[in-house]
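Data block below; observations after.
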Amino acid sequence: MITPDPTTPEGEAIIKLHEQMAELRERTDEWPGADTVDILDKWLALFDFTSPVKRTRLVAGSVWVLRREDRHEDDVTIWSDEDSALAALAEHVRSSWDNVQGNDGIPDLPPLEDRLAVDLYYGPRSERSDEDYWLYGTDVGRCVRTAPASHDFRFPDEKVSAQINSAALFHAPAGPDGEGLPCIEIAGVLVFAYLDAGMQAVRVSVHLDTADELVIQPGQTVPLHVQVEDSTVFSAGAVLTRPTGGGRRQWLRGLSHRMPWRRGD
């Protein structure tokens, strides 16, 4: 059985149709043809069956693609970073070193350095025949709606958003021995950013339990869009109402360049 999602325009429309038909049945003890046709006619007019939903492609991350080809296989693998992909390729090279051992300029044992081992094994690209490889980085795409959903929820406009942004609070921990973590609070949303020694990483944690009703959609969800540099790493409920300019990114980059100087480094 399908349960309509009230947080989507489609689901909301289906629920409203159900309510209208239920009200008609309760009022007339049947579904009169003329009334039913009138309800369905207005309901179908809400939909556009002629054009696709407009979407914008965002970068949701990046990966490294390793393709390795020989006479026996054509293998493609995905890696989170170049070093990992190169290490995997070097592992294959070392396990197949007998294929090149004894050739001019090839040592008896493969080098410990991954790049050197790969370069010696495959040689110049113009001289490769039976074996070859390709290693390159590429973006992971994500398509999002470019028009706001047609339900009652309306995200704060630019003026209201600017007012809320200017009222953001920073909660600092009470010294290195105190409890708590550095946190930014905006519209009731808590964003913790801190160094996690246990995870050996800069950790960012978003908590939505105390979010202001201004940013809560029907269904008790908060539209959230998270970026690291220029890559979107998470997006749920966000819709693009207009192209995002590069001015804010330039400002952030400029701020990052000024920060060491401002800290006195």
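The values are calculated or read from the model by the stated rules, or taken from the named source; none is laboratory data. Here the structure is a predicted model, which means the values were calculated and not measured. Cβ placement follows ideal geometry from the backbone for every residue including glycine, while neighbour counts extend to all protein chains displayed.
General observations
- Among residues of segment 68-89 that are in a helix (DSSP H, G or I), none has a beta-carbon under 8 Å from a residue that is exposed (fewer than 12 other Cβ atoms within 10 Å of the Cβ) and at pLDDT below 95 at least six positions away or on a different chain.
Okay, residues lined up against (1) over 30 Å from Val215 (Cβ atoms); (2) surrounded by 10 or more Cβ atoms within 10 Å (Cβ to Cβ); (3) in contact (Cβ under 8 Å) with a residue 40 or more places away in the chain; (4) of a type outside the set (Gly, Ala, Ser):
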| site | (1), (2), (3), (4) |
| --- | --- |
| Pro4 | no, yes, no, yes |
| Lys16 | no, yes, no, yes |
| Glu30 | yes, yes, no, yes |
| Asp38 | yes, yes, no, yes |
| Leu44 | yes, yes, no, yes |
| Thr50 | yes, no, no, yes |
| Val63 | yes, yes, yes, yes |
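For (1) hydrophobic (A, V, I, L, M, F, W, C); (2) out of contact with any strand residue (DSSP E or B) (no Cβ under 8 Å at 6 or more places or on another chain); (3) closer than 26 Å to Val140 by Cβ, each residue gets a yes or a no:
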residue: Leu181; (1), (2), (3): yes, no, no
residue: Gly198; (1), (2), (3): no, yes, no
residue: Val204; (1), (2), (3): yes, no, yes
residue: Ile216; (1), (2), (3): yes, yes, no
residue: Thr221; (1), (2), (3): no, no, yes
residue: Phe234; (1), (2), (3): yes, no, yes
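- Complete set of residues in segment 102-119 that are out of contact with any Phe, Trp or Tyr (no Cβ under 9 Å at 6 or more places or on another chain) and of a type in the set (A, V, I, L, M, F, W, C): Leu112, Leu116
- The number of residues in segment 205-218 that are assigned to a loop (DSSP other than H, G, I, E, B) and either surrounded by 14 or more Cβ atoms within 10 Å (Cβ to Cβ) or aromatic (Phe, Trp, Tyr) (or both) comes to 4.
- Leu181 being closer than 18 Å to Leu208 by Cβ, part of a strand (DSSP E or B) and modelled with pLDDT of 90 or more: no
- Scanning segment 165-180 for residues that are over 18 Å from Val226 (Cβ atoms) and either surrounded by 10 or more Cβ atoms within 10 Å (Cβ to Cβ) or not acidic (Asp, Glu) (or both) yields Ser166, Ala167, Leu169, Phe170, His171, Ala172, Pro173, Ala174, Gly175, Pro176, Gly178, Gly180.
- The set of residues from segment 106-148 being modelled with pLDDT under 90 and in contact with a helix residue (DSSP H, G or I) (Cβ under 8 Å, 6 or more places away or on another chain) comprises just one member, Arg128.
Residues are listed down the side, and each one gets a yes or a no for (1) under 40 Å from the mean Cα position of the chain (by Cα); (2) under 21 Å from Asp119 (Cβ atoms):
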position: Met21; (1), (2): yes, no
position: Ala45; (1), (2): yes, no
position: Arg67; (1), (2): yes, yes
position: Asp81; (1), (2): yes, yes
position: Leu89; (1), (2): yes, yes
position: Asn103; (1), (2): no, yes
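- Meets criteria (farther than 29 Å from Ser231 by Cβ and either out of contact with any Pro (no Cβ under 7 Å at 6 or more places or on another chain) or not hydroxyl-bearing (Ser, Thr, Tyr) (or both)) for Glu91: no
- Taking segment 90-146 as the range and being part of a loop (DSSP other than H, G, I, E, B) and β-branched (Val, Ile, Thr) as the test, the residues that pass are Val100, Ile106, Thr146.
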